[in-house]
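Since the structure comes first, as structure tokens, the remarks are kept for the end.
Every number in this text was worked out from the coordinates using simple rules, so none of it is lab data. Computed from a predicted model, the values in this text were never measured in an experiment. Cβ coordinates were reconstructed from backbone atoms using ideal geometry, including for glycine residues, and neighbour counts include every protein chain displayed.
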2 protein chains.
Amino acid sequence: MHDRIRHAGLLDKRMSAEAAAALIKPGMTVAMSGFTGAGYPKAVPQALASRMEEVHADGGSFKIKVLTGASTAPELDGVLAKVGGMELRLPYMSDPALRKRINDGDLDYMDIHLSHVAQHTWFGFYGGINIAIVEVVGIREDGSLIPSSSVGNNKTWLDMADAVILEVNTQQSTAMEGMHDIYYGTALPPFRKPIMLTQPEDRIGQPYLDVDVDKVIAVVETDAPDRLSAFAAPDEASNQIADHLLDFLDGEIKTGRLTNTLLPLQSGVGNIANAVLAGLTRGGYRGLKAYTEVIQDGMLELIKDGTLAFASATSFSLSEAGIEEFNRHVDFYRERIMLRTQEISNHPELIRRLGCIALNGMIEADIYGNVNSTHVVGSHVMNVMNVMNVMNGIGGSGDFARNGFLGAFMSPSTAKGGAISGIVPMASHVDHTEHDTMLIITEQGLADLRGLAPKQRARDITEKCAHPDYKPMLEDYFARASRDSYGKHTPHLMGEALSWHQRYIETGDMRL
Amino acid sequence: MHDRIRHAGLLDKRMSAEAAAALIKPGMTVAMSGFTGAGYPKAVPQALASRMEEVHADGGSFKIKVLTGASTAPELDGVLAKVGGMELRLPYMSDPALRKRINDGDLDYMDIHLSHVAQHTWFGFYGGINIAIVEVVGIREDGSLIPSSSVGNNKTWLDMADAVILEVNTQQSTAMEGMHDIYYGTALPPFRKPIMLTQPEDRIGQPYLDVDVDKVIAVVETDAPDRLSAFAAPDEASNQIADHLLDFLDGEIKTGRLTNTLLPLQSGVGNIANAVLAGLTRGGYRGLKAYTEVIQDGMLELIKDGTLAFASATSFSLSEAGIEEFNRHVDFYRERIMLRTQEISNHPELIRRLGCIALNGMIEADIYGNVNSTHVVGSHVMNVMNVMNVMNGIGGSGDFARNGFLGAFMSPSTAKGGAISGIVPMASHVDHTEHDTMLIITEQGLADLRGLAPKQRARDITEKCAHPDYKPMLEDYFARASRDSYGKHTPHLMGEALSWHQRYIETGDMRL
């Protein structure tokens, strides 16, 4: 028997990626696995993109609607974007080629809270799913599936799709078997029950994904690794942001609002997140837990050195070195990591119950604490002046910040060599309202908004977080708004609130 | 024995409102009962306001921090606002005198999701509570309290306050005894457990509030009714909005996304809400349930005629006629109404589990579906041009819209005789982001945003919801933004996005 495909009926359904891709028709809604560059299908989307390219070369049109867990990789979002093969994409992405398409207005992109995607699909808000394409580690004798390096929405895709294509990837370690927890207790209202999870390490489901084998129309064997996310050493600003956060946490412990094991951590992805994680070890924390979305290299290190006792997530996002480390000590990590469906990893019920500490990046905050996570006026990761371009998406930041015990939004105080301020009079797009933000952190400092009304927030955010180049400008705006605004609760000058963004468009610099 | 105060020790603590008010010192944090004009203390705040007035007349200063459930009434917010006796007020208000103070910048007002207030207090975000002032129907032999016409945050106030003042109000019907469900299963993370409620009618707590009798420093007898909310007959625009919603619900039933008993309804307060409730009876619905914040006259009628089988809320808000009707048929209503703490009535865990249908008013929506619920540029209920003035607050609209099965935001398409559009290029304040809004309804029509990306939303909201006076202006803005915006995902012109609001400030009319 095939060692990765141990179900006879499904073994018979093996075919090439090209043959599987030929089963996908224009206009179909295709739900794919994948979360933060892990566990996405690697062969069928590429074969599909080749077919689309041929059709387009012949003057035809071939586009599909694509649903995923979150961001995927060049072999999925990248190739489909390059050939203009998507008419709709949801709920989160980070691929440069796809981002360009979205910002050019070439396709519809729906940016959705990651906890909402599965239930909105079940509610019927996106129509049906024609085909699910899901990467797995292997197929068991009973037809159940060993999940891959991400779980994401796979349970929902497999349940809801009319037909299923499986990619069995031999590059994914069989050692992951048993580390997943797939919750099958979901239902539609009014039949929903409490989700009986009270600690990050609680097992509430089963290690395998179920699939109706009769729905499987193709099994494709692949042998390609997940996109490798190199582990970047934190820069100075990120370390300063981390230090401000760690000082704050120390203070919370001293006042008794937190204990020295804190509460379950959620951490976004990237430079600042890595710096924060590294800082936790430096700060002497031991026995912490994470209830988060993604396990990065930095988190493996924390587990190894005992800073983290347990991590629950929906996905790995490891570099090549991280994967090697994981595989070498898999028996150790198996006891300390669990991967769940993203509706559980990001569930408001569980985030509020556990009291997560939510740590996420942002693009800009305004003086009242409204946060923009999605639409940039230029950015260090973008090459050109992109005003009101979408950056990536809200991801899970809203699920965690709205429902957690604490929510921090972090960013350097400036970007583009100082031409852009991370603190502005009015956010040019709001993803997290004043009602949902507690801590704003830049390398300049930390503003603690808890218990503060709007004008107090404005003073604190300006004083603590703004870059010196912009602080006088913000003080001036707030002083004039406080004097001239018709209402004095949240003073603003309508004719000037977005002038910094307009100035950047015109001159390439927010400074006067 | 006193028939309302059946605990001997507490009977001994009776005193006048003036004597009780004298126990409150400047700078104290005072947590008071009250939710939507029901169950608020009626005597002590007035006596306190008189003392403050005397101190202020002598050139002194006497201000306190006031926490409540939601809005109260003239006898609390009104009198304290008039004498300038509050330095901080949270989480929601609707009193004209207080609103003026806030908009004049005279005090700090924190506008908080109603589901967050109790837990943020427990988290220590607002400091301690010096005194709780709570209205009750009566005190039982064991010292437990029969709750009044609202529950709100009373459980938290009684538990957390250093000292307690009780107002025993003989105007509140003893027939309410047994209708409350006070949940004592809350805890701080990491000790929280699932809340085992799966239907609006489930009882998960006890009918009485507990209080440490040793903390009670005063018992004040009162005899004044709740503020009377006259039941306004819906106007034509409200009826049209209701009709659009009812047509939509019919469609959802036909597609099978809803059954003919719908899902638990949450309904805001006011004209449009009344029209929607009336429409449900007209539409032939039977056996519906409500999981909401407030029981208004309209809801009593629905219960009486069988449209509603059960209503869970945290407060009554009945007119004099409504109170009479309730008292006359209290045995009937007792089986069909339950009042809970507001952390349970508005709990994200429960709203998502139950799949509530959230129906709330708004001030304005922008073409991308961002909704402003709190900050008005003028309004029909305000007398003067109040730009960026706070209106009332977000209340529970965010709890329900973010977590429910469906969320609708409703408003007439224009205000001030057409001078203000309810649909604008960019919302001047965002309380509900594009990620959290599903339906936008005006008397012109209904835009169903589910499954729509930003540019599709812009076309639909403009086409379906905008007033004919403003539709060409919105189309023109969107066309030019789609052409000239640097990013084409959510096209905006930074220099023009808020120009309608600015024009209103300058000319008193958003129209060109």
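In a simple Cβ point-charge model (Lys, Arg +1; Asp, Glu -1; nothing else charged), segment A:236-466 has a dipole of about 500 debye relative to its Cα centre. Short-range pairs are left out: with C-alpha atoms under 8 Å and at least six residues apart, the relative contact order of chain A is 13 percent. Sorted fewest first by neighbouring Cβ atoms within 10 angstrom, A:Thr442, B:Thr174 come out as B:Thr174, A:Thr442. Peptide packing for B:240-246, A:366-372 was compared via the average number of neighbouring C-beta atoms within 10 Å per residue; ordered from the highest value, the list is A:366-372, B:240-246. Normalised by the number of residues in segment B:8-222, the mean separation of alpha-carbon contacts (under 8 Å, six or more apart) gives a relative contact order of 24 percent. Mind listing which trypsin sites (Lys or Arg not before Pro) in segment A:149-203 are in a DSSP loop and have 13 or fewer other Cβ atoms within 10 Å? Those satisfying the criteria are A:Arg203. Count Lys and Arg as plus one, Asp and Glu as minus one, and take only other residues whose Cβ is under 12 Å from that of B:Asp297; the net charge is then -3. The fraction of all Cα pairs in segment B:236-466 landing in successive 10 Å bins from 0 to the largest distance is 8, 33, 37, 18, 3, 0, given as whole percents.
DSSP assigns beta bridges within the protein assembly as shown; of those with both partners inside it, close to 25 percent run antiparallel.
Note that segment B:201-270, at 25 °C in a medium of 0.890 mPa s, gets a Stokes-Einstein diffusion coefficient of 138 µm²/s from its Kirkwood radius over C-alpha pairs.
A:His7 sits among other residues whose Cβ lies under 9 Å from its own Cβ, and their net charge, with Lys and Arg +1 and Asp and Glu -1, is 0.
Quick one: angle between helix B:471-484 and the longest Cα principal axis of chain B, in degrees between 0 and 90, rounded to 10, please. With both axes taken from Cα atoms, the answer is about 70 degrees. Bridge orientation summary for segment A:8-222: considering DSSP beta bridges with both residues in this region, about 20 percent are antiparallel.
Using the structure shown, list the pairs from A:Lys289/B:Lys155; A:Lys215/B:Lys254; B:Lys100/B:Lys155; A:Lys13/A:Lys65; A:Lys155/A:Lys215; A:Lys155/A:Lys304 with a Cα-Cα distance above 22 Å, or answer none. Pairs exceeding 22 Å: A:Lys289/B:Lys155; A:Lys215/B:Lys254; B:Lys100/B:Lys155; A:Lys13/A:Lys65; A:Lys155/A:Lys304. Distances between copies of B:Ala57, taken at a point 7 Å out from Cα along the Cα→Cβ vector and listed shortest first: 9.3 nm. Taking a straight line from the alpha carbon of B:Lys193, these aspartates and glutamates sit under 13 Å away, with near neighbours fewer than eight places off in the same chain left out: A:Asp202, A:Glu349, B:Glu349. The C-alpha atoms of chain B define a longest principal axis, and helix B:271-282 lies at about 80 degrees to it. Counting from the shortest, the label point at B:Leu23, 7 Å from Cα toward Cβ, is 7.4 nm from the same position in each remaining copy.
Within segment A:269-388, antiparallel bridges make up roughly 25 percent of the DSSP beta bridges whose residues both belong there. The longest stretch of chain B left intact once loop-based GluC sites (Glu not before Pro) with at most 13 other Cβ atoms within 10 Å are removed from consideration, loops following DSSP, is B:142-334.
Viscosity 0.692 mPa s, temperature 37 °C: Stokes-Einstein D of segment A:8-222 from its Kirkwood Cα radius, in µm² per second? The partial results should precede the final answer.
Numbers: Rh = 17.5 Å.
Translational D for this selection: 187 µm²/s.
Note on segment B:46-149: the alpha carbon radius of gyration divided by the globular reference 2.2 N^0.38 Å gives 1.17. Each principal axis of the Cα cloud of chain A was taken in turn, and the coordinate range along them, longest first, works out to 75, 57, 46 Å. Between the Cα long axis of helix B:454-465 and the first principal axis of chain B there is an angle of about 80°, rounded to the nearest 10. Note on segment A:409-512: the C-alpha convex hull projects to 6.3 nm² when averaged across all orientations. In the assembly of identical copies, B:Lys100 has its label point, taken 7 Å from Cα in the direction of the beta carbon, separated from the corresponding points by 6.0 nm (ascending, one decimal).
How fast does the protein assembly as shown diffuse by Stokes-Einstein, in µm²/s, taking the Kirkwood radius from C-alpha pairs at 10 °C and 1.306 mPa s? Answer, rounded: 54 µm²/s.
Just add up the charged neighbours of B:Glu75: K/R +1, D/E -1, any other residue whose Cβ is under 14 Å from the Cβ of B:Glu75. Please report the intermediate quantities before stating the final value.
On the way: positive: B:Lys42, B:Lys82, B:Arg227; negative: B:Asp77, B:Asp95, B:Glu135, B:Glu167, B:Asp223, B:Asp226.
Net local charge, B:Glu75 excluded: -3.
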